[in-house]
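Reviewing the structure listed below.
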Amino acid sequence: MKRSVFLGTLAGAALLAGYASAATLDDVKARGVLNCGVNTGLTGFGAPDATGNYTGFDVAICKAVAAAVLGDASKVKYTPTTGETRFTALASGEVDMLARNSTWTYSRDNDLKLDFVAVNYYDGQGFMVKKDLGVASAKELDGATVCIQTGTTTELNLADFFKENNITYTPVTVADDAEAQRQYVAGACDAFTTDASGLAATRATLPDAENHIILPEIISKEPLGPVVRHGDNNWGDIVRWTFYALVAAEEMGITSANVEEVAGSTQNPEVKRLLGLEGDLGAMMGLDKDWGKRAIAASGNYGEIFAANIGESTPIGLARGLNALWTQGGLQYAPPFR
Amino acid sequence: MAYVAEAPKESFRLSMLIYDTRFRSITIQVIVLILALLFVGWLTDNTIKNLAAKDKDINFSFLWNRAGYDIDQQLIPYTNDSTHGRAAVVGLLNTLVVAFFGCILATIIGVFAGVLRLSNNWLVARIMTVYVEIFRNVPLLLWIILAFTVFSETRPEPKDYKITAPMVELVKQKMTEEGETLPPDFKVTPRMVSSYADELEAAGIEPPQTEIFFGTVAVTNRGSNIPMPLLSRPLGGFEVAGVPISFSVLAVFALLAASIFVSRKLSRRAAAIQEETGVRPVIWWKNLAIIVLPVSLLLWAMGLHWEIPGFATDEFGVSKGFNIVGGINVAHSFTALLIALSLYTGAYIAEAVRGGILAISRGQTEAAYALGLRPGKTMRLVILPQALRVIIPPLISQYLNLTKNTTLGMAISYLDLKGTLGGITLNQTGRELECMLLMMLIYLILSLIISSLMNVFNTAMKLKER
């Protein structure tokens, strides 16, 4: 009898091991909540507001996916992750997707077994310094102490940049943006380096923003985008096309305000397909017809999300630049919905 | 006729494994061993299966790849072109150096606090009690962060040490007013500037911060810059696996060891004379001379001088650059970690010392007093050597704790083994399991080495029984 109990345990364990890689879509639907990995706090991109609700440019993607899959943009459980913990949280299944300014690189895509499904922000690494330091270019930072977030691509870019320019620096490695900001403000480092968008966000939260400048050098390419686990293509497609639905919506002039109106009046076949009035695009991904409409209604199209969280009318004040639509000289380009 | 009953034939039945006390304990042990092995096997198998399900394998080849990141405190040469393996070694050395100095400091603090806690002086004993209780009852992490915050928030920024052009102008002007003729390429030194601090303040210029210890040590909010010993006539050296080994340092240590050997011989001779005649010859100054003189001579011959830290300056004495350069830069993460670890562990060692002393019977003290020994000597020569036998075993575990607690340095960005191998390398390569296993193995080996060394010491100190 003892033996059978033991064998039973073994068999159970083997089954458990097998269950680990079930389809994410089914898990999310069964759970009724989307687990989304976000930043611990980067104003504009992903940070809790005064009432504790997460808002931001990256967070809006979580909301759009939740709206598309579950039909309710509020059914998201936000898990704050640091640069160190984010990929482990995703790989272990703690979160279903990451929407947390993470740079798409070759080794992350292949070696870490992740899938970057799209680029929601084309960024580059920059430096912020205090104005009274009297520095106008990153190349003048010879011998400076630089605050840097550990576990990031910026850490490696920084080493490369200083090496390439034959200058030296002292690194101060910190775990997250908040700590980096504290050290930078306290003067523990001369310069703070991270993605230029992150610098703008950090600068916006400083009480004396006018005393800090972002140096003109952009020393790297940082395509930031949502990430899913490698191997579950269906789930990857859902996140990818939810994002592209937002971009396409901007191209087609569909906003959160007029989405119902457009749905009622449009004669454009592609708009009809996107909004589920024609064809069965949703079913191809295992979703219902209205997924696109709900995703757009959640926080608006790509342009609306940009303007509301990080655009020029916000304290962060980022220009669209590379992130304008391709029709306006930018790189945001949604593949056709057909 | 006597009837001899035939002895019952021994036959082994399976049930005897359970019901026969001769076999039962072995049976149970075998079953538990099998279960334990099966559990380990299942864990390994499950790990490999789950890794395979995520398309991952166990592979340590990343240790030979380029690391690509920089480490601020490095005891052996390291650049971002070095491998992840070398970064791990740099981290390990950082762990070892803080653990080594931490153990020494904690022992000193602990012995003093432990002895003083038993002092007859009410105030001293209470102060030590307060110290022990405060440090034992607040988490170590908080002490580490507190120590770091105190340094980084209270000390001035490096730029406050800078000498600016207006300062140089004013100092020159004042000196000219005082009737000195200055050549056009006259260079103003930090000392001149600080001697005109009042005049600077009167002119509305904040005078620069001055370095402490006669202008040799600067403590900024980033780190402490201390003078670095340099040799103008070094003896050369060689490299082992990229680690430079200097003959000069080896020579100094060899000479020091020889001196100590000679001085011990002298002490033994003194003890023999005391045994014979009852009078101990005065030898302390001879010992001191034997240890200090040869090494000083050697250092002088090699041309020892000190590199004083300070800002780089232009030809007029105006500071340039962002940081104080030259000398040895000790980051505050190291200092704070060292202070917090040694004060925290020192509190525990103090308790071990106090327990050890209390374990020695009162009769020993009274006997020593009866022989005419003063309290200080009684403690040093009679009580502590005996107490040591009781103190050493708990001391071993405190040393182990201190070594393992160095991993908390990650809270203040101290790049020890946990910071390099278990932090940045793990993040950049995504090899969580490999890094964790390797790190656990290294800490295990480290702890075993420390405890075996201390066990050797313990055996040497143990009461020799015949």
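Among the helices (runs of 4 or more DSSP H) confined wholly to region A:212-319, which include 2 or more residues that are over 27 Å from A:Leu98 (Cα atoms)?
In region A:212-319, the matching helices (runs of 4 or more DSSP H) lie at A:259-265, A:269-274.
I need the full set of residues from region B:145-177 which are away from chain A (no Cβ under 14 Å) and over 30 Å from B:Glu199 (Cα atoms), in order please.
B:Leu146, B:Ala147
Of B:Pro166, B:Pro156, B:Pro184, B:Pro139, which residue is over 24 Å from the mean Cα position of the chain (by Cα), under 30 Å from A:Arg182 (Cβ atoms) and surrounded by fewer than 20 Cβ atoms within 10 Å (Cβ to Cβ)?
B:Pro156
Return yes when B:Val252 is open to solvent by less than 60 Å² (accessible area, probe 1.4 Å), assigned to a helix (DSSP H, G or I), in contact (Cβ under 8 Å) with a residue 12 or more places away in the chain and not assigned by TED's automatic domain parsing to the domain that holds B:Ala87 and no when it is not.
For B:Val252, the condition - open to solvent by less than 60 Å² (accessible area, probe 1.4 Å), assigned to a helix (DSSP H, G or I), in contact (Cβ under 8 Å) with a residue 12 or more places away in the chain and not assigned by TED's automatic domain parsing to the domain that holds B:Ala87 - is met.
Taking the conditions exactly as written (in contact (Cβ under 8 Å) with a residue 24 or more places away in the chain and in a strand (DSSP E or B)), does B:Pro244 satisfy them or not?
yes
Scan region A:122-136 and tell me whether some residue there is facing chain B (nearest Cβ under 10 Å), modelled with pLDDT under 90 and surrounded by 19 or more Cβ atoms within 10 Å (Cβ to Cβ).
Yes: one or more hits.
Got a number for residues in region B:52-70 being more than 10 Å from chain A (Cβ to nearest Cβ) and among the aliphatic types (A, V, I, L, M)?
So the count comes out to 2.
Of everything in region A:137-168 that's more than 9 Å from chain B (Cβ to nearest Cβ) and among the acidic types (Asp, Glu), which residue is nearest to A:Ser102 (Cα to Cα)?
Only one residue fits best here, namely A:Glu164.
Can you name the condition, by its number, that A:Trp326 falls short on among (1) within 18 Å of A:Arg240 (Cβ to Cβ); (2) out of contact with any Asp or Glu (no Cβ under 6 Å at 6 or more places or on another chain); (3) surrounded by 14 or more Cβ atoms within 10 Å (Cβ to Cβ); (4) not basic (Lys, Arg)?
(3)
Return the residue satisfying two criteria in turn: it lies in region A:1-46 and is within 14 Å of chain B (Cβ to nearest Cβ) and modelled with pLDDT of 50 or more, and of such residues it is nearest to A:Ala204 (Cα to Cα).
Taking the candidates together, the pick is A:Thr24.
Please name all residue pairs, on different chains or six or more residues apart, with Cβ atoms under 7 Å, provided the first residue is in region B:330-358 and is within 20 Å of B:Ile134 (Cα to Cα) and the second residue is outside any helix (DSSP H, G or I) and open to solvent by less than 10 Å² (accessible area, probe 1.4 Å).
B:Leu337/B:Tyr414
Counting only residues that are surrounded by 20 or more Cβ atoms within 10 Å (Cβ to Cβ) and more than 9 Å from chain A (Cβ to nearest Cβ), which one in region B:71-80 is modelled with the highest pLDDT?
Step by step, filter region B:71-80, then rank; the result is B:Tyr78.
Please determine whether any residue of region A:136-156 is without any contact (Cβ under 8 Å) to a residue 12 or more places away in the chain and of a type in the set (A, V, I, L, M).
Yes, region A:136-156 contains at least one residue that is without any contact (Cβ under 8 Å) to a residue 12 or more places away in the chain and of a type in the set (A, V, I, L, M).
Take the conditions within 13 Å of chain A (Cβ to nearest Cβ) and open to solvent by less than 90 Å² (accessible area, probe 1.4 Å) and apply them to B:Leu17. Does it pass?
Spelling it out, it is not the case that B:Leu17 is within 13 Å of chain A (Cβ to nearest Cβ) and open to solvent by less than 90 Å² (accessible area, probe 1.4 Å).
Quick one: which of B:Ile144, B:Ile76, B:Ile163 is outside the structural domain of B:Met379 (by TED's automatic domain parsing), among the β-branched types (Val, Ile, Thr) and in contact with a strand residue (DSSP E or B) (Cβ under 9 Å, 6 or more places away or on another chain)?
B:Ile163
So which of A:Ala204, A:Ala180 ends up being hydrophobic (A, V, I, L, M, F, W, C) and surrounded by 22 or more Cβ atoms within 10 Å (Cβ to Cβ)?
From the options A:Ala204, A:Ala180, the qualifying one is A:Ala180.
Please verify whether region A:108-116 includes one or more residues that are open to solvent by less than 20 Å² (accessible area, probe 1.4 Å), under 22 Å from A:Gly187 (Cβ atoms), more than 9 Å from every other protein chain (Cβ to nearest Cβ) and hydrophobic (A, V, I, L, M, F, W, C).
no
Could you list, in sequence order, the residues of region B:81-114 that are open to solvent by 30 Å² or more (accessible area, probe 1.4 Å), closer than 21 Å to B:Leu415 by Cα and either outside the structural domain of B:Ser397 (by TED's automatic domain parsing) or polar (S, T, N, Q) (or both)?
B:Thr83
For (1) more than 10 Å from every other protein chain (Cβ to nearest Cβ); (2) under 30 Å from B:Lys56 (Cα atoms), each residue gets a yes or a no:
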position: A:Thr170; (1), (2): no, no
position: A:Thr193; (1), (2): yes, no
position: A:Thr202; (1), (2): yes, no
position: A:Ile219; (1), (2): yes, no
position: A:Gly236; (1), (2): yes, yes
position: A:Ala249; (1), (2): yes, no
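I need a count of the residues in region B:298-323 that are within 14 Å of chain A (Cβ to nearest Cβ), open to solvent by 20 Å² or more (accessible area, probe 1.4 Å) and either basic (Lys, Arg) or within 28 Å of B:Leu105 (Cβ to Cβ) (or both).
Total satisfying the criteria: 2.
Within region B:178-210, which residues are among the hydrophobic types (A, V, I, L, M, F, W, C) and in a loop (DSSP other than H, G, I, E, B)?
Answer for region B:178-210, where residues must be among the hydrophobic types (A, V, I, L, M, F, W, C) and in a loop (DSSP other than H, G, I, E, B): B:Leu182, B:Phe186, B:Val188, B:Ala203, B:Ile205.
For region B:440-456, which residues satisfy the criterion of being over 13 Å from B:Thr403 (Cβ atoms) and either of a type in the set (D, E, K, R) or surrounded by 12 or more Cβ atoms within 10 Å (Cβ to Cβ) (or both)?
Of everything in region B:440-456, just one residue is over 13 Å from B:Thr403 (Cβ atoms) and either of a type in the set (D, E, K, R) or surrounded by 12 or more Cβ atoms within 10 Å (Cβ to Cβ) (or both), namely B:Asn455.
Take A:Lys289 and decide whether it is open to solvent by less than 50 Å² (accessible area, probe 1.4 Å) and over 19 Å from the mean Cα position of the chain (by Cα).
So A:Lys289 does not fit the description; no.
Within the group B:Leu400, B:Leu433, B:Leu384, which residue is within 12 Å of another protein chain (Cβ to nearest Cβ), open to solvent by less than 70 Å² (accessible area, probe 1.4 Å) and either farther than 20 Å from B:Tyr69 by Cα or part of a loop (DSSP other than H, G, I, E, B) (or both)?
Exactly one residue qualifies, and that residue is B:Leu433.
In region A:172-188, how many residues are more than 10 Å from chain B (Cβ to nearest Cβ), over 18 Å from A:Arg100 (Cα atoms) and in contact (Cβ under 8 Å) with a residue 40 or more places away in the chain?
1
Would you mind stating whether A:Tyr333 is under 19 Å from the mean Cα position of the chain (by Cα), under 27 Å from A:Asn234 (Cα atoms), open to solvent by 10 Å² or more (accessible area, probe 1.4 Å) and of a type outside the set (Asp, Glu)?
Against the criterion (under 19 Å from the mean Cα position of the chain (by Cα), under 27 Å from A:Asn234 (Cα atoms), open to solvent by 10 Å² or more (accessible area, probe 1.4 Å) and of a type outside the set (Asp, Glu)), A:Tyr333 qualifies.
The values are calculated or read from the model by the stated rules, or taken from the named source; none is laboratory data. If you're wondering where the values come from, they're calculated on a predicted model, not measured in any experiment. So basically every Cβ, Gly included, is an ideal-geometry build from the backbone, and we count neighbours across all protein chains shown. The protein model used for the area step is the full one, side chains on, heavy atoms only, and it has no ligands, DNA or RNA in it. Shrake-Rupley method; radii C 1.70, N 1.55, O 1.52, S 1.80 Å.
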